[in-house]
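Working notes, structure below.
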Amino acid sequence: MSKSRLPALFISHGGGPWPYIQEMKKLFAKTAVEFSRIPETLPFKPDAILVVSGHWEEPQFTVATSEHPPMVYDYSGFPEHTYHISYPAPGSPALAGRIRALLSQSGINCKEDPTRGFDHGTFTPLVLMYPDADIPVVTLSMKSNYDPLEHIRLGQVLLPLRDEGVLIMGSGLSYHNMRGFGGDQAKPVSEQFEAWLNETISEADVQVRNERLQNWEKAPAARLAHPREDHLIPLMVVAGAAGEDRGRRMFIDTVWNTVMASYRFGD
């Protein structure tokens, strides 16, 4: 008998390995508190976590299969100690196999990567949510074509995992313009696009919601907020995995003159 259904989350993970840098952790103080509170809002402790990070893309959807995932230090210019961080959560070859099976049954190609580890889009939120690193974590890549419909469809196929004790989490940012962070236009642009995102994910009609997401480039300030949509695409996966569940904003933080929002689908 299955447990109750877990929600699906999209979180704005912030910049680089910020939880490990005291000055940056002060900047992201609200996000740190909100991430640490997420576990107590869930109906039960997940048996496993599936992360789709804005920092991993491949020509084909690819699932990480390592039992002991390594670390991926996919950033530069940070203090030396941040290149020795360890988040020692186990992987789950069984869950990776389940993901491949679900995708195969739906005609979606999925490769395996036995060497892929945790990038900062994965370990940054998880070290605050589950600092004991005692829950198996599996990562799944985006597809590098960034096709919104393909990623929504991917999420729809993964929806059964929510009834199997798996927390599905997309990790990106509601605003991701590397040249814009901290600039005069960052806040109005990020606020404008986030208002559209919030309205979209709160839409009760799933078909309308998904159509809006597929056409996200028509949203106000869309390409100013996301010149490259790598940090937005994980939201498409989560929206697909939401099924009929309506989304809502969990919280907003403002860092570097930029609004960063996180969303939840399902109770």
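The values are calculated or read from the model by the stated rules, or taken from the named source; none is laboratory data. Being a predicted model, the structure only gives us computed values, none of them experimental. Counting neighbours? That spans all protein chains shown, and the Cβs are built from the backbone with ideal geometry, glycine included.
Observations on the model:
- Selection from region 130-164 of residues that are more than 24 Å from residue 209 (Cβ to Cβ) and not in a loop (DSSP other than H, G, I, E, B): 137, 138, 139
- Scanning region 165-175 for residues that are buried (at least 21 other Cβ atoms within 10 Å of the Cβ) and either part of a helix (DSSP H, G or I) or of a type outside the set (Val, Ile, Thr) (or both) gives 167, 169, 170, 171, 172, 173, 174, 175.
- Residue 230 being touching a strand residue (DSSP E or B) at 6+ places or on another chain (Cβ under 8 Å), more than 24 Å from residue 4 (Cβ to Cβ), among the charged types (D, E, K, R) and in contact (Cβ under 8 Å) with a residue 60 or more places away in the chain: yes
- Restricting 152, 99, 108 to those that are over 30 Å from residue 82 (Cα atoms), β-branched (Val, Ile, Thr), surrounded by fewer than 21 Cβ atoms within 10 Å (Cβ to Cβ) and in contact (Cβ under 8 Å) with a residue 12 or more places away in the chain reduces the list to 108.
- Residues in region 121-159 that are aliphatic (A, V, I, L, M) and either modelled with pLDDT under 95 or more than 20 Å from residue 61 (Cβ to Cβ) (or both): 126, 127, 128, 129, 133, 135.
- When region 1-30 is filtered for residues that are more than 18 Å from residue 51 (Cα to Cα) and polar (S, T, N, Q), the ones remaining, listed by number, are 2, 4, 22.
- The listed residues are 10, 44, 35, and the only one of them that is over 21 Å from residue 116 (Cα atoms), assigned to a helix (DSSP H, G or I), at pLDDT 95 or above and touching a Leu at 6+ places or on another chain (Cβ under 9 Å) turns out to be 35.
- Test for residue 178: is it in a loop (DSSP other than H, G, I, E, B) and within 28 Å of residue 24 (Cα to Cα): yes
- For region 40-54, the condition of being closer than 24 Å to residue 194 by Cα, touching a Lys or Arg at 6+ places or on another chain (Cβ under 6 Å) and touching a residue at least 12 places away in the same chain (Cβ under 8 Å) holds for none of the residues.
- Leading residue by the ranking (nearest to residue 264 (Cα to Cα)) among those in region 1-39 that are without any contact (Cβ under 8 Å) to a residue 40 or more places away in the chain and over 18 Å from the mean Cα position of the chain (by Cα): 29
- In region 230-264, residue farthest from residue 209 (Cα to Cα) [restricted to those that are part of a strand (DSSP E or B) and among the aliphatic types (A, V, I, L, M)]: 255
- Filter result (at pLDDT below 95 and among the acidic types (Asp, Glu)) within region 246-267: 267
- Selection of first residues in region 174-200 that are on the phi > 0 side of the Ramachandran plot and of second residues that are of a type in the set (D, E, K, R) and surrounded by 16 or more Cβ atoms within 10 Å (Cβ to Cβ), restricted to Cβ pairs under 6 Å at least 6 apart or on distinct chains, gives an empty result.
- All of 118, 193, 181 fail the test of being modelled with pLDDT under 95, in contact with a Ser or Thr (Cβ under 8 Å, 6 or more places away or on another chain) and either buried (at least 18 other Cβ atoms within 10 Å of the Cβ) or within 21 Å of residue 11 (Cβ to Cβ) (or both), apart from 181.
- Some residue of region 85-96 being assigned to a loop (DSSP other than H, G, I, E, B), crowded, with 21+ Cβ neighbours inside 10 Å and hydroxyl-bearing (Ser, Thr, Tyr): yes
- Residue count for region 8-31 under the criterion of being buried (at least 21 other Cβ atoms within 10 Å of the Cβ) and hydrophobic (A, V, I, L, M, F, W, C): the result is 6.
- Only a single criterion out of (1) among the small types (Gly, Ala, Ser); (2) part of a helix (DSSP H, G or I); (3) touching a helix residue (DSSP H, G or I) at 6+ places or on another chain (Cβ under 6 Å) is not satisfied by residue 195, namely (3).
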